[in-house]
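Trainee: Have a look at the structure that comes next, please.
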Amino acid sequence: MRYSKAFVPTLKEVPADAKVDSHVFMIRGGYIRQVAAGVYNFLPLGWRVIQRIETIVREEMDRAGAQEILMPAAIPAELWQETGRWQKYGPELLRFKDRHGADYCFGPTHEEVVVDLVRRELKSYRELPTNLYQIQGKFRDERRPRAGLMRGREFIMKDAYSFDVDAESAAKSYDSMYAAYKRIFARCGLDFRPVEADTGSIGGAKSHEFQVLAESGEDNIVACDTCEYAANVEQAAIRAASEPGIQGGGELSKVSTPGKKTIADVAAFMKIAPSSLIKSLVYMADDKAIMVLLRGDRSLNEIALKKLTGATELFPAREGQLQKATGGPVGFVGPVGVDMPVYADMELKGASGAVVGANSMDTHLSGVDLARDVKVTEYVSLRQAEPGEPCARCEGHYVSYKGIEVGHVFSLGTVYSQPMNCSFLDENGKSQIAVMGCYGIGITRIAAAAIEQNHDKGGIIWPMSIAPYEVTVLPLQTNDEEVVRAANELYESLLDQGVAVLLDDRDERPGAKFKDADLIGVPLRIAIGKRSLGEGTLELKWRRESESSNIPAQGAAQAIAKLVADEKARLRGAGA
RNA sequence: CGGGGUGUAGCGCAGUCUGGUAGCGCACCUGGUUUGGGACCAGGGUGUCGGAGGUUCGAAUCCUCUCACCCCGACCA
């Protein structure tokens, strides 16, 4: 591409709306433009990146034996009603009516559609296993879209669905996708980690997320420093404590704690550690109040609570609801004498000598013995794993990371195939339900995650495999015939070699060209100027390095093409 | 959904408190000089002041309603 003809509107100034690096650089570099909250146009550079990511995904999915299809974005409500998700999915599902008044939704995921497709055709076990995938624009009406492509409402996703005869075969399909995902993310040049995860509203038995490690990530991950175990904190296993998390003993007595509403305030006031307090949380589970008890220094794992209660809607009680349920004010909530289910974290089993709220203004209770003073409904593991604590699987300890979820693989079992009756006849002529898996990749999110991991103050530093252009050629003096001729020749030769090359033939000063090249982030830059051309050399610089080197002008195209190919091969090798 | 904030030129912003007929930087257009890290000089204004209603002789500015976007939290494949 000749830059003079390209639609690449770069910006010197940082747009006011963008806070995250990947968002800032995608706008400044002329990759995307916003249309509405969480909805973007992809400009030529942005679209080239997306297409290159899609190509890698297609190659690896095809290699793993999956077949590409395309399902509709507009889905009739009946399919979603069949699985009950029309009711369950909530306001994230964008719903609308056609001219006849029939209900539709814009597909945020396609289990219903693919199962409907397969169940109509599937007859025999001989047709399995099969794996169908698509790359498609999805829409999820996020409450709060943010950070550009990291969390948009409309985004591009690759979703795949496997169908197997039994659980054993389904496990093989799962493993094959897991392996394909590792190759895909490695080829995209990402530093990532597969972690055990919650299955969320998709449902099913086991799942892994593929997390790109980045400070700006929204997900919290813990990984063991010794074994291979890594998990989302929503899911992370916690090693059973060998003794109660709070031990003190003593008599139950009232303590005056005027104005001390938080764990930190009470601990400081009473001169004890926050870990000697019990945190009492009141949640509304489908309009029923429940209480959760945790050690004062721990955080609730809401996913675990949701699983425990089976509630569709679960949120912290508002002030009025809380007062009604406990009879006391916010800040002094406690479990002694309350009339509602009380779930205590496993760590509190046998706890004594603890401090809790007294359900009356400016008062706490000390010397609480859970077994003696509180009617605990059940002891369950309800807290989040924390960095530094012992690994549940080995003798190591947890380390915490921030991650961007770019892929997720689910072992679904029959949660969709059963209610939708997706069946086949086995060897004995007996009807069986297909065992499923589903596998997602956020194509547009990969682009954002790659930038989060690969940038500096000046702009993006693309991995070779997904860069919009692999090489950029900069003629530094556009009024110098020799320079222009050499640049044009190199440009044509690189095109002949199959290299994706951007020729900056604009009548701009060298400084402007360097700045734009850095911003756009093309991995390899060839500067052609009077200075070096006189000595028969060109200046080659990797975007990721600070120093340039000179290469002979003679045969430069072949040498550059080889560097590009070697770099892509290196990334490919990383996933093997 | 709760809390906070912002809408004025393509982009970044000032002007709003205290009402008086819209401005700065960058970008852009014309001419000239420049050319190895976002050049300089001269000239040019490109605007339903987010929208609707109201108060007023007069509204970017005051009042009411409304829309959009951003941030924090909650929520979430």
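Trainee: Taking just the alpha carbons, could you work out the radius of gyration and Dmax for chain A, both in angstroms?
Mentor: Radius of gyration, then largest Cα-Cα span, for chain A: 29.0, 94 Å.
Trainee: Now for a separate question. What GluC sites (Glu not before Pro) in the stretch A:150-233 are in a loop by DSSP, with at most 13 other Cβ atoms within 10 Å of the Cβ?
Mentor: Values: sites: A:Glu154, A:Glu168, A:Glu196, A:Glu209, A:Glu215, A:Glu218, A:Glu228; in loops: A:Glu215, A:Glu218, A:Glu228.
Passing sites in the stretch A:150-233 are A:Glu215, A:Glu218, A:Glu228.
Trainee: Once every Cα of the stretch A:194-275 carries one equal point scatterer and solvent is ignored, give the base-10 log of I(q)/I(0) from the Debye formula at q = 0.11, 0.17, 0.18, 0.25 Å⁻¹, two decimals.
Mentor: -0.59, -0.86, -0.88, -1.22
Trainee: Using 7 Å Cα-to-Cβ label points, what is the A:Ala102/A:Glu82 separation (nm, one decimal)?
Mentor: Each label point lies 7 Å from its Cα, and together they span 1.4 nm.
Trainee: Next up: Of the options A:Leu117, A:Leu79, A:Gly148, report the single residue whose Cα projects farthest towards the positive end of the charge dipole of the stretch A:34-150 (beta-carbon charges: Lys, Arg +1; Asp, Glu -1).
Mentor: A:Gly148
Trainee: Any idea what angle helix A:167-187 forms with the longest principal axis of chain A, computed on alpha-carbon atoms, 0 to 90 degrees, nearest 10?
Mentor: Helix A:167-187 sits at roughly 50 degrees to that axis.
Trainee: If you don't mind, another one. Efficiency by 1/(1 + (r/R0)^6): what FRET value for A:Met361 and A:Glu489, r their Cβ-Cβ distance, R0 = 51 Å, to the nearest 0.05? If you can, show how the numbers build up before the last one.
Mentor: Values: r = 84 Å, r/R0 = 1.65.
Result of the calculation: an efficiency of 0.05.
Trainee: Tell me, what is the percent relative contact order of the stretch A:343-401, built from C-alpha pairs under 8 Å that lie six or more residues apart?
Mentor: Details: 74 pairs, mean separation 19.2, N = 59.
Relative contact order comes out at 33 percent.
Trainee: Check each of the trypsin sites (Lys or Arg not before Pro) in the stretch A:427-514 and keep only those in coil by DSSP with at most 11 other C-beta atoms within 10 angstrom; list them in order.
Mentor: Details: sites: A:Lys430, A:Arg445, A:Lys457, A:Arg485, A:Arg506, A:Lys513; in loops: A:Lys430, A:Lys457, A:Arg506.
Counting only loop positions with at most 11 other Cβ atoms within 10 Å, the trypsin sites (Lys or Arg not before Pro) in the stretch A:427-514 are A:Lys430, A:Lys457.
Trainee: Which angle from 0 to 90°, rounded to the nearest 10, does the C-alpha axis of helix A:510-520 make with the longest principal axis of chain A?
Mentor: Computed tilt is about 40 degrees.
Trainee: Between beta-carbons, use under 14 Å as the cut-off and find the net charge around A:Pro129, counting Lys and Arg +1, Asp and Glu -1. Numbers along the way, then the final one.
Mentor: Working: positive: A:Arg126, A:Lys172; negative: A:Glu127, A:Asp164, A:Asp166, A:Glu168, A:Asp175, A:Asp426.
My count for the surroundings of A:Pro129 gives -4.
Trainee: For A:Glu13 and A:Arg531, what does the FRET efficiency come to when R0 = 25 Å and r is the distance between their Cβ atoms, rounded to the nearest 0.05? Let's see the in-between values first.
Mentor: Details: r = 32 Å, r/R0 = 1.27.
Efficiency, rounded to the nearest 0.05: 0.20.
Trainee: Let me ask something additional. Determine which lysines satisfy two conditions relative to A:Lys515: a Cα distance under 29 Å, and not lying fewer than 8 residues away in the same chain.
Mentor: A:Lys5, A:Lys12, A:Lys19, A:Lys457, A:Lys530, A:Lys541, A:Lys562, A:Lys568
Trainee: Also, I was wondering about something else. How large is the dipole of the stretch A:302-423 about the Cα centre if only Lys and Arg carry +1 and Asp and Glu carry -1, each at its Cβ, rounded to the nearest 20 debye? Please report the intermediate quantities before stating the final value.
Mentor: Numbers: 10 positive and 14 negative charges, 51 e Å.
In total the dipole reaches around 240 debye.
Trainee: Of all the accessible heavy-atom surface of chain A, with the other protein chains kept in place and a 1.4 Å probe, what percent is carbon and sulfur? Write down the numbers at each step before the final one.
Mentor: On the way: 12730 of 26170 Å².
For chain A, the apolar C and S fraction of the accessible surface comes to 49 percent.
Trainee: 7 Å from Cα along Cα→Cβ at both A:Arg239 and A:Ser124: what's the point-to-point distance in nm?
Mentor: With each label placed 7 Å out from Cα toward Cβ, I get 5.4 nm.
Trainee: Evaluate the charge dipole of chain A about its Cα centre and quote only its size in Debye, nearest 20, assuming +1 on the Cβ of each Lys and Arg and -1 on the Cβ of each Asp and Glu.
Mentor: Details: 70 positive and 79 negative charges, 167 e Å.
So the dipole magnitude of chain A works out to roughly 800 debye.
Trainee: Additional query: Using helices alone, what [θ] at 222 nm do you get for chain A, with -39,500 (n - 2.57) per DSSP H run of 4 or more residues, divided over all residues and rounded to the nearest 500? Walk me through the numbers before you get to the answer.
Mentor: Working: 15 runs with 160 residues, N = 576.
Result for chain A: -8500 deg cm²/dmol, rounded to the nearest 500.
Trainee: Could you do me a favour and compute the accessible area per residue for chain A, 1.4 Å probe, result in Å²?
Mentor: On the way: 26170 Å² over 576 residues.
With all protein chains present, chain A gives 45 Å² per residue.
Trainee: Moving on. Check cross-link reach from A:Lys260 to the aspartates and glutamates: straight Cα distance under 15 Å, and skip same-chain residues fewer than eight apart.
Mentor: A:Asp362
Trainee: For the stretch A:522-576, run through the GluC sites (Glu not before Pro) and keep only the ones in DSSP coil with at most 11 other Cβ atoms within 10 Å of their Cβ.
Mentor: Details: sites: A:Glu535, A:Glu539, A:Glu545, A:Glu547, A:Glu567; in loops: A:Glu535, A:Glu545, A:Glu547.
Taking the stretch A:522-576 and a limit of 11 other Cβ atoms within 10 Å, the loop GluC sites (Glu not before Pro) found are A:Glu535, A:Glu545, A:Glu547.
Trainee: Points 7 angstrom from Cα along the Cβ direction at A:Arg33 and A:Glu142: gap in nanometres?
Mentor: 2.2
Trainee: Further, regarding this structure: Taking the full set of protein chains and a 1.4 angstrom probe, give the accessible area of A:Met340 in square angstrom, rounded to the nearest 10.
Mentor: Only protein atoms counted, so the area is about 20 Å².
Trainee: Roughly how tilted is helix A:44-63, in degrees to the nearest 10 and between 0 and 90, from the longest Cα axis of chain A?
Mentor: 70
Trainee: Could you let me know the centre-to-centre spacing of the stretch A:80-95 and the stretch A:523-576, using Cα atoms, in angstrom?
Mentor: 53
Trainee: Looking only at the stretch A:253-380, where both bridge partners belong to it, what percent of the DSSP beta bridges are antiparallel (to the nearest 5)?
Mentor: 70
Trainee: Stretch A:Asn479-A:Ala559 to full length: gain in nm at 0.36 nm per residue minus the Cα-Cα span?
Mentor: Numbers: separation 80, 0.36 × 80 = 28.80 nm, distance 2.71 nm.
In short, 26.1 nm is gained.
Trainee: Applying 1/(1 + (r/R0)^6) with R0 = 30 Å to the Cβ-Cβ distance of A:Leu252 and A:Ser400, what FRET efficiency is obtained, to the nearest 0.05? Can you show the working numbers first?
Mentor: Working: r = 37 Å, r/R0 = 1.23.
That gives a FRET efficiency of 0.20.
The values are calculated or read from the model by the stated rules, or taken from the named source; none is laboratory data. Note that the coordinates shown come from a computational prediction; the quantities given were computed from them, not determined experimentally. For neighbour counting, all protein chains shown are included, and Cβ atoms are generated from backbone atoms with ideal geometry for every residue, glycine included. The area values use the complete protein model at the heavy-atom level, side chains included, leaving out ligands, DNA and RNA. Shrake-Rupley method; radii C 1.70, N 1.55, O 1.52, S 1.80 Å.
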